[in-house]
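*Asks:* Before I ask anything, here is the structure I am working with.
The values are calculated or read from the model by the stated rules, or taken from the named source; none is laboratory data. Remember, it's a predicted structure, so these values are computed and weren't measured experimentally. When we count neighbours, we look across all protein chains shown, and the Cβ atoms used for this are built from the backbone with ideal geometry, even at glycine. What goes into the accessible areas is simple: the full protein's heavy atoms, side chains included, and nothing from ligands, DNA or RNA. Shrake-Rupley method; radii C 1.70, N 1.55, O 1.52, S 1.80 Å.
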Amino acid sequence: MTIINEEAISGRVREEITKIKDLFAVDTFSLKRITDHFVHQLEDGLTRHDAEIPMNITWVPSFPTGRETGRYLAIDMGGTNLRICSVELTSERGGYSITQDKYILPARLKRGTGDELWELVADKLLDFLRKHDLLPPAKGEEEEGKLPLAFTFSYPVTQNHIRHGVLQRWTKGFDIRGVEGEDVVAQLDAVLQRRHIPVRIVALVNDTVGTLIASAYKNPDIRVGSIFGTGCNAAYMERCSRIPKIASSGSQAQFDEDSLIAINCEYGAFDNNRRVLPRTTFDEDIDASSARPGQQTYEKMVAAMYLGELLRLILLHLHESIGLFPDADVSRLREGGTMDAVSLSKMETDGSEAVRMEEAKRILQDAYGIDATDEELRMCCILAEVVCARAARLYACGIAALCRKQGVEECAVDVDGSAFEKYSQFRKRAIAALAEILDWPENEERVKLVSAEDGSGVGAALIAAIILNQ
Ligand code: GLC
């Protein structure tokens, strides 16, 4: 990435930049300290039902063999989109074909009612089945003729089996009434049945677990499935003997001590007790104005959903403290949620300094009607770097903790999520932080960050196949 020429920025402004850089810096000592605490909290989550990191037991019982076959439907309800897919797992090892459609979840729905949500999901599913000619001939209400569907629902749920999941709390800014504390499978299923949509939900899946399974389908070195997108979270396979709380999980399932089970960590909740993360006043503002203050402390410092907001708050602070954008009308800049994460990645593109400044200029003009000077544009680009670099370094702590927890020194980690692809610098920064935390010898990359295509759809289909062939 081209370095922005800080020399071209006047002394006073540079001083302010240095202050912000210091606030957002996470040095090696802090990275290690955060990771140590993280490992401890992961353990605690496997032990207690009310721990800070939920470590949800998902009842996904194994990695795929690579020989799974069949056609499955998958619905993926993430933070931004609703994706519906039909996945055909073919007999060749790791092979599949996929048909998928994506719908944007309307913003108003995020603060609507559960009924509106499930009706919308059912509408889109029906559209999809009709459009791709997938509706089976009517066979009454018999389960047999219904299409098997895996539902990827990327929020924390308590499951006592795989077709069940009580929503613990909404995350990622959602606040839909009537769903927290309820079984989301039963809610969706009731609407599907009422509308005679011929599908049967065979598994409820978290996106991290889908990613883990999809990636392991092709790559046996995968030990962690992680998401860096609207939210930030990870999953891995744990041995039942190392999950003390499994005995009191309310499940009727038979499992032996040596068998594996996928754990959805839900580690966006890490440090909700505010012990180790270096929170700034900007982080506190984000938390205070969020739908669930006090929750998802780590996620709010790392995930893409909050990065634009952090930059917006910093710019506003500098407007007020040192008169950044002195003659501009900043009323739009005062509005929450107006800077998206993609804007930050544009200010960090691999192009020249001039290209990066041009991107910043366009963003400030289009989104805020602000005509910035070159000095202000340089400053914006540097601040975008500062916010994104902290996110990547903190993201590495979660991954390092999961590697340490599993006792692995070398492995592959799948990273899925919109943001991972868009941030050209993310992988490099996260790897550098992992090297610092895990003391890798120079130039050795012991943990590989890879990215699976179609992770959510294929992972969900594989889980459906594993469950139905158990
Ligand atoms: C949030 C959700 C979690 C999901 C993650 C990534 O942290 O609570 O379930 O895996 O976002 O989408």
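*Asks:* Yes or no: L126 in contact (Cβ under 8 Å) with a residue 24 or more places away in the chain and open to solvent by 50 Å² or more (accessible area, probe 1.4 Å)?
*Replies:* no
*Asks:* Within the range 312-332, is there a residue that is open to solvent by less than 50 Å² (accessible area, probe 1.4 Å) and within 16 Å of the ligand (Cβ to nearest atom)?
*Replies:* The answer is no, given that none of the residues of the range 312-332 is open to solvent by less than 50 Å² (accessible area, probe 1.4 Å) and within 16 Å of the ligand (Cβ to nearest atom).
*Asks:* So which of H37, H49 ends up being closer than 25 Å to T297 by Cα and assigned to a loop (DSSP other than H, G, I, E, B)?
*Replies:* H49
*Asks:* Could you list, ordered by first residue, the pairs with Cβ atoms under 6 Å in which the first is in the range 191-220 and touching a residue at least 12 places away in the same chain (Cβ under 8 Å) and the second is within 11 Å of the ligand (Cβ to nearest atom) and open to solvent by 10 Å² or more (accessible area, probe 1.4 Å), at least 6 apart or interchain?
*Replies:* D207/I227; D207/S456; T208/I227; T208/N233; G210/S456; T211/D416
*Asks:* Which of the following residues is within 16 Å of the ligand (Cβ to nearest atom), under 19 Å from L462 (Cβ atoms) and either modelled with pLDDT of 95 or more or in contact with a helix residue (DSSP H, G or I) (Cβ under 7 Å, 6 or more places away or on another chain) (or both): V205, V184?
*Replies:* V205
*Asks:* Further question on the same structure: Restricting to the range 237-269, give me the number of residues that are touching a strand residue (DSSP E or B) at 6+ places or on another chain (Cβ under 8 Å) and more than 28 Å from Y298 (Cα to Cα).
*Replies:* Total meeting the criteria: 5.
*Asks:* Further, regarding this structure: Every residue in the range 255-276 that is touching a His at 6+ places or on another chain (Cβ under 9 Å), at negative phi and within 16 Å of the ligand (Cβ to nearest atom), please.
*Replies:* Across the range 255-276, the qualifying residue is only F270.
*Asks:* Right, something else. Give me a count of the residues in the range 404-448 that are within 16 Å of the ligand (Cβ to nearest atom), open to solvent by 40 Å² or more (accessible area, probe 1.4 Å) and hydrophobic (A, V, I, L, M, F, W, C).
*Replies:* Number of matching residues: 0.
*Asks:* So, in the range 232-254, how many residues would count as being within 16 Å of the ligand (Cβ to nearest atom) and touching a Ser or Thr at 6+ places or on another chain (Cβ under 6 Å)?
*Replies:* Qualifying residue count, the range 232-254: 3.
*Asks:* Out of all the residues in the range 345-403, which are open to solvent by less than 10 Å² (accessible area, probe 1.4 Å) and of a type in the set (D, E)?
*Replies:* E348
*Asks:* I've got another one for you. Say we look at the range 65-103 and pick out the residues that are of a type in the set (V, I, T) and within 16 Å of the ligand (Cβ to nearest atom); which of these is modelled with the highest pLDDT?
*Replies:* Result: I75.
*Asks:* Right, something else. Go through the range 252-296 and give me each residue that's open to solvent by less than 30 Å² (accessible area, probe 1.4 Å), assigned to a loop (DSSP other than H, G, I, E, B) and polar (S, T, N, Q).
*Replies:* T280, S290, Q296, listed by residue number.
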